[in-house]
Amino acid sequence: MSTPATIEINGRIFYCHYDGMPTGMAVRIAKMIDAYNAPVPAQSPDGFASVPARGGIEFAFIRGNLDAEPAPHNSRAGIMAQYHYALAQDDRGEITITVEQRTSRDTWRIVSTMEIGVWVDRQRSALATRERLLVGNPNLDIDAVIPAVVRAHYCGRFASERFEYATRSGAEKLERFHFNRGHIRRL
């Protein structure tokens with residue numbers, strides 16, 4: 001059974017036909033973060049550079065989730081989604097997620113609002129618990145299903161501190177890239 005959902009990122013609304021449950025959206029968000037941090041070809045000794053992808057996180061969501069599509073008229077109206085997720089990025093780069101669920105009366109209730117890394121971690125824990133207890137799968141590789149989302153802290157080119165989100169594997173790539181160039185402070 002599919003669970004349709006909408007996600008609003010920086011004022012743009014996208015529709016996802018399936019995997020709209022919180023654990024499914026956590027996977028989609030991890031894909032968005034990986035797409036945002038994907039190395040791009042550049043003139044560097046190792047052939048790539050880590051720069052923010054063009055278009056910001058809303059376009060990274062589409063690049064990471066090719067089945068997602070823009071909502072008609074950039075609105076939730078007329079879409080029978082079960083969940084709505086809203087991502088808001090502040091001027092420091094911190095991303096907050098607000099999760100709304102449709103009620104039986106076709107109204108919306110806010111389920112949670114929290115920092116995106118914490119929210120993804122809770123979805124990872126919920127999936128691992130469900131797999132262990134209900135399915136009886138104690139050997140589930142949770143990182144393969146929902147990668148951990150972490151905050152990367154490093155000094156930028158001009159010694160200005162930067163904060164970026166990355167999946168754990170993506171953070172390791174960022175760390176190697178910046179450490180090799182002397183920009184790393186802490187990741």
Checklist outcome for this item: Once Ser75 and Asp90 are pulled to full extension, the length gained, defined as 0.36 nm per residue separation minus their Cα-Cα distance, is 3.2 nm
Checklist entry - What is the sum of charges around Glu94, taking Lys and Arg as +1, Asp and Glu as -1, for the other residues whose C-beta is under 10 Å from the C-beta of Glu94? => result -1
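Values in this text are rule-based calculations from the coordinates and carry no lab data. Please read these numbers as outputs of a predicted model, since none were measured by experiment. Note that we place each Cβ from the backbone using ideal geometry, even for glycine, and neighbour counts take in every protein chain shown.
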